[in-house]
1. Go through Val122, Val39, Val93, Val78 for me and flag whichever is closer than 21 Å to Gly5 by Cα and either within 18 Å of the chain's Cα centre (by Cα) or β-branched (Val, Ile, Thr) (or both).
2. Where residues in region 67-115 are open to solvent by 80 Å² or more (accessible area, probe 1.4 Å) and of a type in the set (Asp, Glu), which of them is nearest to Tyr40 (Cα to Cα)?
3. Which pairs turn up if I take residues in region 75-95 that are closer than 13 Å to Leu61 by Cα and look for partners that are assigned to a helix (DSSP H, G or I) and open to solvent by 90 Å² or more (accessible area, probe 1.4 Å) with beta carbon separation below 8 Å, at least 6 apart in sequence or on another chain?
4. Test Ala59 against the criterion of being small (Gly, Ala, Ser) and exposed (fewer than 12 other Cβ atoms within 10 Å of the Cβ), and give yes or no.
5. Going through region 53-96 one residue at a time, which ones are part of a helix (DSSP H, G or I) and among the acidic types (Asp, Glu)?
6. For region 5-38, how many residues meet the condition of being surrounded by 10 or more Cβ atoms within 10 Å (Cβ to Cβ), among the hydrophobic types (A, V, I, L, M, F, W, C) and modelled with pLDDT of 80 or more?
7. Any chance region 26-41 includes a residue that's in contact (Cβ under 8 Å) with a residue 12 or more places away in the chain and not hydrophobic (A, V, I, L, M, F, W, C)?
8. Taking the criterion of being in a helix (DSSP H, G or I) and at pLDDT 85 or above, would at least one residue in region 101-110 satisfy it?
Amino acid sequence: ITYAGAAYLIYLGLRTLLRRPKPLDQQIESRSADPLWKVYREGIVVNVLNPKVALFFLAFLPQFIDTNSELAAVQIIVLGLVMSLMGMASDIVYALSGGALRNLLERRPRFLQAQRYVTGTVYVGLGAAAALAGETRR
């Protein structure tokens, strides 16, 4: 699985580096073309399929529950809601900050040109690191 993930990252990086860039006006249009409901639906799917939340609840949350109490279920629900609210608050801050940053950066043609090279290089580097890290564990 490690090598498959590494190969996929390297593939994404090379595809990003080798593809011909679109003209600047097409890049900006294509980024804002997705309807908000589609973006929201994709976000829901990603979060539902993310095992990180389930692992958190299974590994860490029980440590904060008084198992001798009759209200253990209520404690789990309250702590889960607190975690969800904190996560939602931080996600809202990230989304608003990212939107403002996007509006600032998309007005800079050099950024959009350099973004392709930086993104492709990061993908290739992460893929190589994943492949080499898998090798050292043996």
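1. Val122
2. Asp91
3. If the second residue must be assigned to a helix (DSSP H, G or I) and open to solvent by 90 Å² or more (accessible area, probe 1.4 Å), the pairs left are Gln75/Phe64; Leu79/Phe64.
4. yes
5. Result: Asp91, single match.
6. Number satisfying all stated conditions: 7.
7. Yes, region 26-41 contains a residue that is in contact (Cβ under 8 Å) with a residue 12 or more places away in the chain and not hydrophobic (A, V, I, L, M, F, W, C).
8. yes
The values are calculated or read from the model by the stated rules, or taken from the named source; none is laboratory data. Since this is a predicted model, take the numbers as computed values, not measurements. Here the Cβ is made from the backbone with ideal geometry for all residues, glycine too, and neighbour counts use every protein chain on show. Each accessible area value is taken on the protein alone, full model and side chains, heavy atoms only, with ligands, DNA and RNA left out. Shrake-Rupley method; radii C 1.70, N 1.55, O 1.52, S 1.80 Å.
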